1. In sequence order, what are the phi-derived ³J(HN,Hα) couplings for the stretch 54-59 according to the Karplus relation 6.51 cos²θ - 1.76 cosθ + 1.60 with θ = phi - 60°, rounded to whole Hz, with x for glycine and proline?
2. Indicate the gyration tensor shape class of the stretch 193-234 (rounded, prolate or oblate), computed on the Cα atoms with a ≥ b ≥ c the square roots of the eigenvalues: a/c under 1.5 is rounded; otherwise a/b larger than b/c is prolate and the rest oblate.
3. For the stretch 44-151, how many pairs of lysine residues have a Cα-Cα distance under 23 Å, where the two are 8 or more positions apart or belong to different chains?
4. Quick check: the distance between the Cα centres of the stretch 144-193 and the stretch 90-134, to the nearest angstrom?
5. Please tell me the relative contact order of the stretch 56-176 in percent, rounded to the nearest whole number, where contacts are Cα pairs under 8 Å and at least six residues apart.
6. When the convex hull of the C-alpha atoms of the chain is computed, what volume per residue in Å³ does it have?
7. So if each residue of separation counts as 0.36 nm, and I subtract the Cα-Cα distance between L212 and E123, what length gain in nm does that give?
8. What is the ratio of the Cα radius of gyration of the stretch 27-77 to 2.2 N^0.38 Å, with N the residue count, to two decimals?
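A short reminder: the numbers here are calculations on the coordinates, not readings from a lab. Remember, it's a predicted structure, so these values are computed and weren't measured experimentally. Heads up, the Cβs are rebuilt from the backbone with ideal geometry, glycines too, and the neighbour counts pull from every protein chain shown.
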Amino acid sequence: PIVHAEMTRAAIAASNPVLVEKPLTLDVDEAKALLDAAEQQRAIVHVDHIHLYHPAFRAMKNLGKALGPVQAIHSVAGDWGPFRHDTSVLWDRGSHDIAMCIEFLGQEPSKVSARVDENQFTENGPGENISVTLTFPRGVKANLEISNLFKEKKRSFAVQYEEQTLIYDDIAKVALSRRLKTGAVEAIDILTLLPLDQVLMDFATAIRRGKLDLDGLRLGIKVVNTLDLCEKSV
């Protein structure tokens, strides 16, 4: 991640379409500078927030349009590792969940808070359990738990509505389900498609169109800005 800005800037300058991994950068000003450069070059820049391309997440977003206003979001994501010395758990794993929240609600949070619940230096590197609360303009709160100290892999992104809750879990047998007020859980059918395939198909489509395409870059900047605020809060 520390070289994402440099590589992306070089690709934009060379008039090459860019698909960059998350997080876009580790610095807000660097991220904004990339947007300035991309607009001047009328570039194509996509950011690989991989969960946004999962068919279950896309189906979840479409289904939510008919369910009324979102009441809350609850997310748990982590595993044992990876333990990175160049990128914190917040920026490494947190970029996924923050991107999902912003994409789902269509806006940046108006208030951010974060705390470290556990800090442990393992033989493989630093580990943390982090709790993040994002408050959005209409009062919707997203509570996120992010960790690289879980004994087993966890992934749950639950969006609560008045009558039901939609749950995305890309490591479960059922990637998308709904939980009713009665407690009953129903599976929702989705397309069988690997999210990375969708990433590449969308990128290829943008290249064929040959037009300015910076929506992913703008989202990437919002994610970086929110991560920066979380880091300052910690």
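1. The phi angles translate into 6, x, 5, 5, 5, 5 Hz.
2. Oblate, since a/c reaches 1.5 and b/c is not below a/b.
3. Final tally of qualifying lysine pairs is 4.
4. Distance between centres, Cα-based: 18 Å.
5. 38
6. With only Cα atoms used, the chain gives 131 Å³ per residue.
7. Length gained, L212 through E123: 27.5 nm.
8. In units of the globular-protein estimate, the stretch 27-77 measures up at 1.65.
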